[in-house]
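Here's the structure we're looking at; comments come further down.
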Amino acid sequence: MEFFGYKNNELHCEDVSLAELHEEFGSPLYVYSRSQLVSNYQAIDGVLADLEHVTCYALKANANHYLLKVLAERGAGADVVSGGELYLALKAGFPPEKIMFAGVGKREDEIEYALKEDIFCLNAESEQELQLISLAALRLQKKARVALRINPDIDAESHPYISTGLKQHKFGIPADRAMKAFQFAASLSNLEVSGVHIHIGSQITKIEPFVAAASFLVRFVQELRQQGIPITHVDIGGGFGTRYVNALSHEGLPVETGDQEEVQSPGESLGAMASALKETGCSVWLEPGRAIIADAGALLTRVLYVKENGAKKFVIVDAGMNDLLRPSLYNAYHQIVPVKIETYEHERVDVVGPVCETGDFFARDRLVSKLKPHELLAVLTTGAYGFVNTSNYNARPRPAEILVNGDRVRVIRPRQTLEEL
């Protein structure tokens, strides 16, 4: 988190004090660093500078209009998985020729919307979907560009909920049926079969699964060309891992040990794939989301109570699972730090929210700085899959979102009011 750090023991986003943001905008509050967002995108996009490529930001990670505009203005493409995301991408200024539509369950009206907007490609995931796309193209008197998503049966070695490349997963066409699916697609006159798409999972922290996926692509593209199916682009998906453990360091913060992995940077993973991708002779499309936005965001929350029951100590905060679902959904880890470091004492606690569910927690049995009521905390690396998964459960209004650029602050989503519930 290059653009989040302590200055005189007070946490800042770029040049802005998070404590001052809380004073003005309250909590829970999502805060994003514009500089981190741009830096992350450029670091990924630059690795493949020697190859014809498009880096498509995956809107599912965070679809705030202002964040999307920042990326669109820098030449990014967009990876969308619904008609709503397609609408948001177009509204933010992503050109249609840099948009691809993925997803295992596209509706007929969404397919027609994509064809009318003449986006670059629809990534089809089944023979039935190919038929539906062909019929929609026939009705619109168009030729639909498609890629087929292939499930290569490669273990991403990630959380089972966010692994997508094994046979038991719902995504894509199994590798052993892929050639027949491509031949079927090529037989449909309203389809232009232009690409191969794979995506093996999310939060992949090792290089080996990516290398295996790239090797699969090389072999499969060669087989397709031998069968007379000309492939012009490959889509390698995304899934690059992000550091969550010890994302921020300070002598006053506890250092987490135990279940830690060395997280390979997106650049290292892409660099390891580059020679194989070049061997395909295709343009390369990729779809990072988390790796672009995750560490550009933090969630501010205030301590309401500190409560002991004899067996446990609970720090109860004003943010809940409706504001950040990942810990409840995946048991996902987020580093939690005080906005102002006033003590170097640590204690083991559960950090929990106010929602009426036992699963409403941000950390369990976690060593954190010793805390007291009214203190302000930052839940780090929450730019991805944070606000997009918010809800109004327990009739709780959604939080505000703030974008910081140097010493400038912009409200990019106002806090939801009770009247808007």
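Bear in mind that the values in this text are calculations on the coordinates, not laboratory data. Owing to the predicted nature of the structure, the values given are computational and were not obtained by experimental measurement. Cβ placement follows ideal geometry from the backbone for every residue including glycine, while neighbour counts extend to all protein chains displayed.
Fully extending the segment from residue 395 to residue 304 would add 30.9 nm, taking 0.36 nm per residue of separation and subtracting the current Cα-Cα distance. If R0 is 45 Å, the Cβ-Cβ spacing of residue 364 and residue 140 corresponds to a FRET efficiency of close to 0.30. Between residue 262 and residue 128, the FRET efficiency from the beta-carbon distance, with R0 = 41 Å, is close to 0.50. If R0 equals 22 Å, the separation of the Cβ atoms of residue 421 and residue 87 corresponds to a calculated FRET efficiency of about 0.40. Note on segment 2-52: with charges restricted to the Cβ of Lys and Arg (+1) and Asp and Glu (-1), its dipole about the Cα centre is near 120 debye.
Among 339, 255, 221, the residue with the largest mean-square fluctuation in a Gaussian network model of the chain, with springs joining Cα atoms closer than 10 Å, is 255.
Straight-line reach from residue 7: taking Cα to Cα under 17 Å and skipping same-chain neighbours fewer than 8 places apart, the lysines in range are 340.
For the chain, give the share of DSSP beta bridges that are antiparallel, in percent and rounded to the nearest 5; count only bridges with both residues there.
Looking only at bridges with both residues in the chain, the antiparallel portion is about 50 percent.
How much net charge surrounds residue 242 when only the other residues with a Cβ under 9 Å from the Cβ of residue 242 are counted, with Lys and Arg +1 and Asp and Glu -1?
With Lys, Arg at +1 and Asp, Glu at -1, the net is +1.
The Cα-based radius of gyration of segment 6-91, divided by its Kirkwood radius, gives an Rg/Rh of 1.06.
Rounded to whole numbers, the Karplus 3J(HN,Hα) couplings from phi for segment 288-305 are x, x, 3, 5, 8, 10, 4, 7, 8, x, 9, 10, 8, 8, 9, 6, 8, 9 Hz, using 6.51 cos²θ - 1.76 cosθ + 1.60 with θ = phi - 60°, and x at Gly and Pro. Kindly express, to the nearest 10 degrees and within the range 0 to 90, the angle between helix 208-226's C-alpha long axis and the longest C-alpha principal axis of the chain. Approximately 20 degrees, to the nearest ten. The distance separating the Cα centre of segment 10-80 from that of segment 296-352 comes to 24 Å. Percent of Cα pairs in segment 215-256 per distance bin of 5 Å, from zero to the largest separation: 5, 16, 16, 11, 8, 7, 7, 7, 8, 7, 5, 3, 1. Can you list residues from other chains, or at least 5 along the same chain, whose modelled amide H is less than 5 Å from the amide H of residue 123? Correct list: 101, 102, 147.
Using C-alpha pairs below 8 Å separated by at least 6 residues, the relative contact order for the chain is 20 percent.
Working from Cα positions, state the angle (0 to 90°, nearest 10) between the long axis of helix 127-139 and the longest principal axis of the chain. Roughly 70 degrees, rounded to the nearest 10. Of 121, 356, 13, the sequence from fewest to most neighbouring Cβ atoms within 10 angstrom is 356, 121, 13.
In this structure, the pairs whose alpha-carbon distance is over 19 Å, taken from 69/143; 106/206; 313/372; 312/372; 142/180, are 69/143; 106/206; 142/180.
Distance between the modelled labels on residue 374 and residue 24, one decimal in nanometres: 2.3 nm (7 Å Cα→Cβ projection).
Here the Gaussian network model covers the chain, with springs between Cα atoms less than 10 Å apart; of 344, 113, 32, 344 fluctuates the most. Near residue 191, the amide H atoms lying under 5 Å from its own belong to 144; only residues 5 or more places off or on other chains count, and H is placed 1.01 Å from N. The 3J(HN,Hα) values that the Karplus relation (6.51, -1.76, 1.60; θ = phi - 60°) gives for segment 393-403 are, in residue order, 4, 6, 6, 9, x, 5, x, 7, 10, 10, 10 Hz. Gly and Pro appear as x.
Taking the chain as a Gaussian network of alpha-carbon nodes connected by springs under 10 Å, the highest mean-square fluctuation of the residues 392, 40, 309 belongs to 309. Once the chain from residue 208 to residue 50 is taken as fully extended at 0.36 nm per residue, the excess over their C-alpha distance is 54.6 nm.
Modelled spin labels at residue 222 and residue 249, positioned 7 Å past Cα toward Cβ, are 4.3 nm from each other. Computed on the Cα trace of segment 1-150, the radius of gyration divided by the Kirkwood hydrodynamic radius gives Rg/Rh = 1.10.
The convex hull around the C-alpha trace of the chain, projected and averaged over every direction, spans 20.6 square nanometres. Computed from backbone phi, the HN-Hα couplings of segment 26-37 come to x, 8, x, 8, 8, 10, 10, 9, 5, 5, 5, 4 Hz, rounded to whole numbers (Karplus: 6.51 cos²θ - 1.76 cosθ + 1.60, θ = phi - 60°; Gly and Pro given as x).
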